[in-house]
Each structure stands twice: as C-alpha cells, then as structure tokens.
Protein chains: 2
Amino acid sequence: MYKANITVTLRSSILDPQGKASEHALSQLGFDSISQVRIGKYVEMDIVAESLGDAREIAESACAKLLANSVMEDYHITLNEVVAA
Amino acid sequence: MYKANITVTLRSSILDPQGKASEHALSQLGFDSISQVRIGKYVEMDIVAESLGDAREIAESACAKLLANSVMEDYHITLNEVVAA
C-alpha cells in the first residue's frame with residue numbers, strides 16, 4: 001500500500017485572492033517578513049497498488065479527473081510505501 | 001530568504017466531510033484502490049529571516065495565530081533556504 005500526499009496549487013499566472021487575503025491579514029498582525037502567500041489544497045490518500053509506478057498512475061489519474069482543475073491548477077504527488085506490520 | 005511549505009490538516013479524530021465526498025466521488029469514477037482520503041490546506045510563503053530557526057518561529061507563529069485552527073487542525077512546516085542569485 002502507498003500513501004499519497006498531493007498538493008494542488010493555482011498556476012503562478014492565476015490570481016490567488018485567498019492567498020492575498022491571508023497575506024494582508026498576516027501583515028495586519030505584524031508579520032512583515034512574510035510575502036508571496038499562496039494557498040492551495042492538500043490531499044492525503046491510501047492507494048492499494050502492485051508497484052510504485054501503478055500507484056503513481058492511479059494518483060495522477062485521480063488528480064486529472066477529479067482533484068485538480070488542469071486549466072488553472074498544478075499538482076504535485078509524493079508517494080511513500082507503507083509496509084504492513 | 002526561506003520558502004515555507006505548510007500543510008494544515010484536520011486532526012485524525014475530526015470528521016472530514018470534504019475528504020469523504022472526494023472518496024465517494026473517486027469510487028464512483030472507478031477508483032476502487034483509493035481509500036482514506038483526507039483534504040487539508042496547503043500554504044506557500046516567502047519568509048525573510050536571519051536564520052532557519054527564526055524563519056521557523058515566524059512560520060509557527062503565523063500558523064498558530066491565523067492559518068490553522070489549533071483546536072481542530074494540525075500543521076506541518078517545511079522550510080527551504082533560497083539563495084539569491
């Protein structure tokens with residue numbers, strides 16, 4: 001079994017109002033050293049697959065079909081094998 | 001300067017309806033090998049700080065004060081130094 005950690009972020013050319021709002025709120029709280037705040041989604045899932053390659057294919061397909069909007073968003077998948085005790 | 005990558009996830013004891021809905025939708029799409037879907041937030045930011053320790057302190061404080069709800073959520077911070085070219 002594999003654990004997938006997926007981040008889905010808006011493409012850098014797309015405005016991120018949620019990030020801008022957070023950045024503004026942080027600056028109001030005195031965090032002057034923080035900039036370029038961007039907010040995305042984080043998805044964790046367990047994938048049962050024969051191999052790391054199969055697991056990656058399943059995760060890529062799930063991102064392309066449901067989790068990310070490929071017009072506006074990029075995704076990044078990290079997979080870790082979980083060895084049953 | 002440091003780039004912070006922060007994931008904010010619901011604590012495992014807290015129900016995650018968004019994750020459940022995604023899991024259900026994935027299963028409807030035929031992804032039978034995916035389970036335990038949980039959805040959180042992903043935050044990227046630039047932090048200007050003297051040291052990695054200072055940057056971590058700023059990021060921790062931003063999470064505690066604004067980005068995460070410490071009653072319901074956990075956060076995990078990864079920091080990378082960016083060397084100006």
### Message
Quick check on this structure: which one of B:Lys20, B:Lys3 is in contact (Cβ under 8 Å) with a residue 12 or more places away in the chain and either exposed (fewer than 14 other Cβ atoms within 10 Å of the Cβ) or under 20 Å from A:Leu79 (Cα atoms) (or both)?
### Response
B:Lys20
#### Entry: Complete set of residues in the range B:38-65 that are under 13 Å from the mean Cα position of the chain (by Cα) and at the interface with another protein chain (Cβ under 7 Å from one of its Cβ atoms)
B:Arg38, B:Ile39, B:Gly40, B:Lys41, B:Tyr42, B:Val43, B:Glu44, B:Met45, B:Ala62
### Task
For B:Leu66, indicate whether it is more than 27 Å from A:Asp16 (Cα to Cα) and not in a strand (DSSP E or B).
no
### Task
Answer yes if at least one residue in the range B:14-28 is facing another protein chain (nearest Cβ under 10 Å), within 30 Å of A:Glu60 (Cα to Cα) and part of a loop (DSSP other than H, G, I, E, B), and no otherwise.
yes
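Values in this text are rule-based calculations from the coordinates and carry no lab data. Here the structure is a predicted model, which is why all the values come from computation and not from measurement. Using ideal geometry, Cβ is built from the backbone for each residue, glycine included, and neighbour counts are taken over all protein chains shown.
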